[in-house]
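Report on one structure; see the data block that follows.
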Amino acid sequence: MKIRVGFGYDVHRLEEGKDFWLGGIKVPHTHGAVGHSDADVLIHVICDALLGAANLRDIGFHFSDKDPKFKGIDSKILLKEVVALVEAKGFSIGNIDSTICLELPKVNPHIPEMKKCLAGVMGMDEEDISIKATTTEKLGFVGKAEGVAAYATVLIQK
């Protein structure tokens, strides 16, 4: 068996009046993330981690923010395509471990719905998807509620 790990990191600025997509679901909040797509930072880090583990470059290589066909796209569509790319190389996803860094809104109440959504998109068991949340204790751009950051580590196997 061949095992590989991948790591993803992403940040998005928060802006008042935008929808806030996180982990494939719309989270109620006064501010949302800004980006070329729907700016779902959690899905983006999972995509990057999966692509990295399979040595398939990064999300920007496959879904350029210069390409108008990806403007406003639902990141779940990108994730589904990334999973297909990883599987085309003969890999399956073992597990995902992720962390969202955000002051507000509180993420923990939404984690079960995020896990259910992501598991459905990727065709895997919710038990193999870990989503954690933390604040930055009011420090930095996350602490000042100017943005959201996320990290993910994945294991894939052949």
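Quick rundown of the values:
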{"quantity": "Residue among D48, D19 that is over 19 Å from K89 (Cα atoms) and touching a residue at least 12 places away in the same chain (Cβ under 8 Å)", "calculated": "D19"}
{"quantity": "Whichever residue in the stretch 136-151 is touching a helix residue (DSSP H, G or I) at 6+ places or on another chain (Cβ under 7 Å) and in contact (Cβ under 8 Å) with a residue 12 or more places away in the chain and, among such residues, is most open to solvent (accessible area, probe 1.4 Å)", "calculated": "Y151"}
{"quantity": "Only listed residue being open to solvent by less than 40 Å² (accessible area, probe 1.4 Å) and farther than 15 Å from M124 by Cβ, chosen from D58, D65, D48, D74", "calculated": "D48"}
{"quantity": "Residues satisfying the stated conditions in the stretch 54-97, i.e. of a type outside the set (G, A, S) and at positive phi", "calculated": "N55, R57"}
{"quantity": "Odd one out for G90, checked against (1) at pLDDT below 95; (2) among the small types (G, A, S); (3) more than 16 Å from the chain's Cα centre (by Cα)", "calculated": "(1)"}
{"quantity": "Residues (hydrophobic (A, V, I, L, M, F, W, C) and loosely packed, with under 15 Cβ neighbours inside 10 Å) located in the stretch 91-135", "calculated": "L104"}
{"quantity": "Count of residues meeting criterion [touching a helix residue (DSSP H, G or I) at 6+ places or on another chain (Cβ under 8 Å), touching a residue at least 12 places away in the same chain (Cβ under 8 Å) and either part of a strand (DSSP E or B) or closer than 17 Å to V154 by Cα (or both)] in the stretch 93-123", "calculated": "13"}
{"quantity": "Count - residues of the stretch 20-34 that are on the phi < 0 side of the Ramachandran plot and under 16 Å from the mean Cα position of the chain (by Cα)", "calculated": "9"}
{"quantity": "Which numbered condition H12 fails, given (1) open to solvent by 50 Å² or more (accessible area, probe 1.4 Å); (2) part of a strand (DSSP E or B); (3) out of contact with any Asp or Glu (no Cβ under 7 Å at 6 or more places or on another chain); (4) not β-branched (V, I, T)", "calculated": "(1)"}
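The values are calculated or read from the model by the stated rules, or taken from the named source; none is laboratory data. Quick caveat, the model's predicted, so the values are computed rather than measured. Cβ atoms come from the backbone with ideal geometry, glycine included; neighbour counts cover every protein chain shown. Remember, those area values only see protein heavy atoms, side chains included, never the ligands or the DNA or RNA. Shrake-Rupley method; radii C 1.70, N 1.55, O 1.52, S 1.80 Å.
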